[in-house]
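J.: One structure, pasted below without further comment.
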Amino acid sequence: MKDPTSELHDAYFELLNGSVSISGTEIPVYKWEKPGNETRIEIATTTMDDISTKDTYITEVLQDITIVSSMRVPDERSVADNISSQVVQLIVADTFVTMDSFDILDTTLTGAEVFEDESYDNTTYRKELTFKSMIVEK
């Protein structure tokens with residue numbers, strides 16, 4: 001069985017990069033967690049569970065996508081919610097993404113958690129979305 005992590009991160013990046021914006025400002029996407037408090041989307045932790053059968057390699061994948069919102073506006077939480085709504089719509093769409101070595105059978109949103117970090121001059125919200133996918137090796 002192959003490790004789908006790299007292809008999955010590339011697929012999420014291709015899907016989200018250039019597709020999410022707030023008030024005409026494109027939100028940058030990163031394939032890793034990035035320090036700092038600028039507004040961005042991070043493709044974060046991937047957790048996999050092998051549920052293969054005798055005939056088919058199947059992996060259940062939990063993929064965390066983190067929304068960081070720090071626009072120094074009165075309601076960063078609203079901005080994070082708007083960004084996360086766009087992300088969810090893109091990821092759970094029927095036309096999700098394609099990968100060379102794997103097929104994605106189904107993707108659902110399984111969790112959303114908000115974290116608040118207060119600093120000297122602003123508040124940063126981090127919203128972590130968790131998506132569950134079933135991936136089959138081609």
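J.: Okay, helix-only estimate at 222 nm for the chain: each DSSP H run of n ≥ 4 adds -39500 (n - 2.57), divide by all residues, round to 500 deg cm²/dmol; what do you get?
T.: Calculated at 222 nm, the ellipticity per residue is -6500 deg cm²/dmol.
J.: For the chain, set up a GNM with springs between Cα atoms under 10 Å and report which of Ala93, Ala80, Ala44 has the largest fluctuation.
T.: In this elastic network of the chain, the residue with the biggest mean-square fluctuation among Ala93, Ala80, Ala44 is Ala93.
J.: Same structure, new question: Nearest 10 degrees is fine. How inclined is helix 5-16 to the longest principal axis of the chain, computing both from alpha carbons?
T.: Once rounded, the angle reads 50 degrees.
J.: If R₀ is 25 angstrom, what is the calculated FRET efficiency for the pair Thr56 and Lys34, using the beta carbon separation as r and rounding to 0.05?
T.: FRET efficiency, Thr56 to Lys34: 0.10.
J.: Oh, and also: So which residue, out of Asp55, Asp81, Asp103, gets the largest mean-square fluctuation from a GNM of the chain using Cα contacts under 10 Å as springs?
T.: Asp55
J.: Take the chain, connect every pair of alpha-carbon atoms lying under 10 Å apart with a spring to form a Gaussian network, then pick out the residue of Thr108, Thr25, Thr66 with the largest mean-square fluctuation.
T.: Thr25
J.: Considering lysine pairs in the chain that are 8 or more places apart or on different chains, how many have Cα atoms under 19 Å apart?
T.: 7
J.: Below 8 Å between Cα atoms, with a sequence gap of 6+, how large is the relative contact order for the stretch 1-66 in percent?
T.: Rounded, it is 23 percent for the stretch 1-66.
Just so you know, all these numbers are worked out from the coordinates, no wet-lab data involved. What you see is a predicted model, and the numbers here were worked out from it, not measured in a lab. In this analysis, Cβ positions are derived from the backbone assuming ideal geometry, glycine residues included, and neighbour counts consider all displayed protein chains.
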